[in-house]
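Undergrad: Below you'll find the structure I mean.
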Amino acid sequence: MEVEVKLQLPDAAAHRKVSDLLFPYHVKTHVQENVFFDGAAAELTSSRAALRLRFYDLDSHAVLSLKAKPVIRNGVSRVEEDEEPIEPSVARACVAEPWRLLAMDSSRIVKRVRDEFGLGEGGLVCLGGFRNVRAVFEWNGLKLELDESRFDFGTSYEIECESSDPEGSKRLLEGLLKENGIDFSYSEVSKFATFRSRKLP
């Protein structure tokens, strides 16, 4: 179970303020490309699941993930998550020809997709996706991720923090933003939900 604090920032100016504020604690920045798949009969999305290939930093590495049963309440997201690495060249081939992904017999996640969601003869379809620039900071014992998510219909800004104590982490993060006059709200939907709805939060 992945548990994260997710706070929505209203615009690029707020994103820049947070980035400048946290600059002394910057660890790294990733450029991510996220590509999603579903069954031909929407077997995954109808079961509140998402199958994603994520490419990092000009294909330096890639990860296949399956997320299911997301719940976001009061700025805290909980979702079942399973991930495994995948060779970037293989992942690119799967984007071009989605049937290749379902044919990966050695993949634990692909096996789950077949067994739990009944994907088989209908195959997979590529839904497209979005790009994300993620700056990572280590601040006050927290690993913070500042996201600029670029959809083809607009850009969304968020700050996230995976935590075993989400309420405590949320209080720290809210305090930081309030003390520095940075507006925010609780995120209400996942990035995948935003992508599918084609509507910014």
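Undergrad: Out of everything in region 17-56 that is small (G, A, S) and either modelled with pLDDT under 95 or closer than 30 Å to F117 by Cβ (or both), what residue ends up being most open to solvent (accessible area, probe 1.4 Å)?
TA: Here the answer is S46.
Undergrad: In addition: Show the residue pairs that are 6+ apart or on different chains and have beta-carbon atoms under 9 Å apart, the first residue being within region 95-112 and open to solvent by less than 40 Å² (accessible area, probe 1.4 Å), the second being of a type in the set (S, T, Y) and modelled with pLDDT of 95 or more.
TA: That search, which allows pairs on different chains as well, returns L101/S107; I109/S65.
Undergrad: Consider region 130-140. How many of its residues are in contact with a helix residue (DSSP H, G or I) (Cβ under 8 Å, 6 or more places away or on another chain) and either part of a helix (DSSP H, G or I) or open to solvent by less than 50 Å² (accessible area, probe 1.4 Å) (or both)?
TA: 5
Undergrad: Search region 52-64 for residues that are under 21 Å from R196 (Cα atoms) and pair each with any residue that is crowded, with 16+ Cβ neighbours inside 10 Å and among the aromatic types (F, W, Y) when their beta-carbon atoms are under 9 Å apart and the residues are at least 6 apart or on different chains.
TA: Note: pairs meeting the criteria are R52/F36; R52/F37; R52/F192; L53/F36; L53/F37; V63/F55.
Undergrad: Before we move on, is S164 outside any helix (DSSP H, G or I), surrounded by fewer than 19 Cβ atoms within 10 Å (Cβ to Cβ) and without any contact (Cβ under 8 Å) to a residue 12 or more places away in the chain?
TA: no
Undergrad: Let me ask something else. Is it the case that R150 is open to solvent by 20 Å² or more (accessible area, probe 1.4 Å) and in a helix (DSSP H, G or I)?
TA: Here the answer is no, as R150 does not meet what is asked.
Undergrad: Let me ask something else about it. Tell me, please, whether a residue that is assigned to a strand (DSSP E or B) and modelled with pLDDT of 95 or more can be found in region 177-192.
TA: Among the residues of region 177-192, at least one is assigned to a strand (DSSP E or B) and modelled with pLDDT of 95 or more, which makes the answer yes.
One line per residue, one yes/no per condition, for (1) over 17 Å from H61 (Cα atoms); (2) not polar (S, T, N, Q):
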position: E83; (1), (2): no, yes
position: C94; (1), (2): no, yes
position: L102; (1), (2): yes, yes
position: S107; (1), (2): no, no
position: K111; (1), (2): yes, yes
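Undergrad: Moving on. Can you say whether R171 is without any contact (Cβ under 8 Å) to a residue 12 or more places away in the chain and not in a loop (DSSP other than H, G, I, E, B), as far as the supplied structure shows?
TA: When the stated conditions are applied, R171 passes them.
Undergrad: Go through region 114-129 and report how many residues are modelled with pLDDT of 95 or more and buried (at least 17 other Cβ atoms within 10 Å of the Cβ).
TA: Residues flagged as modelled with pLDDT of 95 or more and buried (at least 17 other Cβ atoms within 10 Å of the Cβ) within region 114-129 amount to 2.
Undergrad: Scan region 62-94 for residues that are farther than 30 Å from Q8 by Cα, of a type outside the set (A, V, I, L, M, F, W, C) and either open to solvent by 60 Å² or more (accessible area, probe 1.4 Å) or touching a helix residue (DSSP H, G or I) at 6+ places or on another chain (Cβ under 9 Å) (or both) and report the count.
TA: Of the residues in region 62-94, 3 are farther than 30 Å from Q8 by Cα, of a type outside the set (A, V, I, L, M, F, W, C) and either open to solvent by 60 Å² or more (accessible area, probe 1.4 Å) or touching a helix residue (DSSP H, G or I) at 6+ places or on another chain (Cβ under 9 Å) (or both).
The values are calculated or read from the model by the stated rules, or taken from the named source; none is laboratory data. Computed from a prediction, not measured in an experiment: that's the story for all the values here. Counting neighbours? That spans all protein chains shown, and the Cβs are built from the backbone with ideal geometry, glycine included. For the accessible areas, the whole protein counts, side chains as well, though only heavy atoms, and no ligand, DNA or RNA atoms are used. Shrake-Rupley method; radii C 1.70, N 1.55, O 1.52, S 1.80 Å.
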